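**Student:** Let me begin by handing over the structure; questions about it come next.
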Amino acid sequence: MTQNQKVFTLKTFIHLAALTPVIWLYLSAFSDGLGADPVQYVIHFTGKGALNLLLITLCVSPLAQKFKQGWLMQVRRLLGLYSFFYAVLHLANFILFDLQNNWSLFINEVIKRPYITIGMVALLLLTALSVTSFNALRRKMGRNWQKLHNWVYVILLLVCVHYIWSVKANISQPLIYFMLAFVLLALRYKKFSRILPSSR
């Protein structure tokens with residue numbers, strides 16, 4: 001199998017793996033197949049999906065380097081865009097279904113609930129990364145592009161904080177995500193450290 005065939009096959013798999021759960025989710029929601037609280041199920045499902053895809057996106061570079069499979073880097077943007085897609089669905093579900101499209105209530109929630117504030121900051125940063133992920137803007141931004149996209153590690157931490165604060169009972173699963181995030185940050189410390197304040 002050629003490199004282009006590998007990329008095409010993996011991208012096809014990513015499309016199927018990312019879109020199939022969304023189709024199942026909304027078909028199940030509208031057919032009363034998600035239990036007693038379908039709204040919360042949909043919100044949590046899409047939020048966790050965004051986090052999972054973000055983690056997978058950040059695993060691409062270490063895996064490509066470890067196993068000397070540079071072609072894997074060609075699917076990283078697609079994974080990141082799907083993480084953004086799930087994050088947008090997460091927010092849209094919260095506004096449309098939980099808050100009944102009440103925008104004044106949404107603004108009030110963002111102001112009064114720290115975990116929602118952090119989630120919105122993470123989504124705004126992720127939006128900036130998604131909008132600038134295309135090659136034309138990458139060339140136009142030059143070195144500033146990499147500086148901006150190093151913020152993905154901050155986004156990961158913000159999303160983990162958002163998750164752990166949003167859980168009212170058992171925090172074991174959010175803590176597992178935190179540990180995975182710190183492992184990734186340790187692996188990519190050189191890149192992450194570029195956005196930290198200089199000690200000089």
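**Student:** Scan segment 131-151 and give yes if some residue there is under 23 Å from residue 174 (Cα atoms) and more than 21 Å from the chain's Cα centre (by Cα), otherwise no.
**Tutor:** No: segment 131-151 contains no residue that is under 23 Å from residue 174 (Cα atoms) and more than 21 Å from the chain's Cα centre (by Cα).
**Student:** Specify the residue that is nearest to residue 176 (Cα to Cα); the eligible residues are those in segment 28-51 that are touching a residue at least 24 places away in the same chain (Cβ under 8 Å) and of a type in the set (S, T, N, Q).
**Tutor:** 46
**Student:** So which residues in segment 10-38 are among the β-branched types (Val, Ile, Thr), within 20 Å of residue 76 (Cβ to Cβ) and surrounded by 11 or more Cβ atoms within 10 Å (Cβ to Cβ)?
**Tutor:** Scanning segment 10-38 gives a single hit, 14.
**Student:** Still on this model: Identify, from the list 121, 75, 88, 110, the residue that is farther than 17 Å from residue 158 by Cβ, modelled with pLDDT of 95 or more and in a helix (DSSP H, G or I). Before you say what the answer is, go through the steps one by one.
**Tutor:** Working: 121 fails: farther than 17 Å from residue 158 by Cβ; 88 fails: farther than 17 Å from residue 158 by Cβ; 110 fails: farther than 17 Å from residue 158 by Cβ.
The unique qualifying residue is 75.
**Student:** Of everything in segment 124-151 that's at pLDDT 95 or above and in a helix (DSSP H, G or I), which residue is farthest from residue 76 (Cα to Cα)?
**Tutor:** 124
**Student:** Between a first residue in segment 1-13 that is in contact (Cβ under 8 Å) with a residue 40 or more places away in the chain and a second residue that is of a type in the set (A, V, I, L, M, F, W, C), which pairs have beta carbons less than 8 Å apart while being 6 or more apart in sequence or on different chains?
**Tutor:** Hits for this filter: 3/71; 6/71; 7/71; 7/75; 10/72; 10/75; 11/75; 11/78.
**Student:** Further question: Evaluate segment 55-69: report whether one residue or more is within 17 Å of residue 164 (Cα to Cα), of a type outside the set (A, V, I, L, M) and more than 12 Å from the chain's Cα centre (by Cα).
**Tutor:** Looking through segment 55-69, none of the residues is within 17 Å of residue 164 (Cα to Cα), of a type outside the set (A, V, I, L, M) and more than 12 Å from the chain's Cα centre (by Cα).
**Student:** Checking the structure you have, find out if any residue of segment 20-42 is in contact with a helix residue (DSSP H, G or I) (Cβ under 6 Å, 6 or more places away or on another chain), within 30 Å of residue 146 (Cβ to Cβ) and assigned to a helix (DSSP H, G or I).
**Tutor:** no
**Student:** Right, something else. Looking at segment 125-145 only, could you name the residues that are free of Cβ contacts under 8 Å to residues at least 24 places away in the same chain, surrounded by 12 or more Cβ atoms within 10 Å (Cβ to Cβ), within 30 Å of residue 165 (Cα to Cα) and not small (Gly, Ala, Ser)?
**Tutor:** Residue satisfying the conditions is 132 alone.
**Student:** Still on this model: Only one of (1) of a type outside the set (A, V, I, L, M, F, W, C); (2) under 26 Å from residue 38 (Cα atoms); (3) in contact with a helix residue (DSSP H, G or I) (Cβ under 9 Å, 6 or more places away or on another chain) is not met by residue 100, so which one is it?
**Tutor:** Here residue 100 clears every test but (3).
The values are calculated or read from the model by the stated rules, or taken from the named source; none is laboratory data. Everything numeric here is computed off the predicted structure, so don't read it as measured data. Every residue, glycine among them, receives a Cβ derived from its backbone with ideal geometry; neighbour counts consider all protein chains shown.
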